[in-house]
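These notes are about the structure you will find just below.
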Amino acid sequence: MSDQEILTAAGSDSSGRPGTEPDLEIETMQLTEAVLGVECDPALDFFDLGGASLQVVQIVTMLNSRYGIDVSVTDALDAIDLRAFIDLVRAKAEAR
């Protein structure tokens with residue numbers, strides 16, 4: 001699946017227009033679910049959800065591009081769960 005197909009499946013587009021804060025959380029969850037192919041529980045980390053490091057790279061790259069932020073793959077992998085990752089994405093979006 002291409003990045004554009006994943007964004008479309010996640011209910012996003014590639015316009016780079018960030019949504020409101022709740023939208024960012026929803027879009028991050030939908031994107032993660034689309035890439036991992038599973039329904040996500042915010043209390044689990046990427047690996048507990050069945051993800052692999054290359055999928056984390058894909059998610060981070062797509063979020064950085066969409067929101068004009070700079071989340072590192074290391075930060076994403078260090079997040080203790082999906083909720084912490086979403087908080088990181090939100091903080092980066094607010095800081096720009």
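No value in this document is a laboratory result; all are computed from the given coordinates. The structure displayed is predicted, hence computed values, not measured ones. A quick note on method: Cβ atoms are made from the backbone with ideal geometry, for glycine too, and the neighbour counts reach across all protein chains shown.
Worth a mention:
- Sorted peptide list for 49-60, 29-40, criterion being average Cβ within 10 angstrom, highest first: 29-40, 49-60
- Phi-based couplings in Hz for the stretch 75-80 (Karplus 6.51, -1.76, 1.60; Gly and Pro marked x): 4, 5, 5, 7, 4, 6
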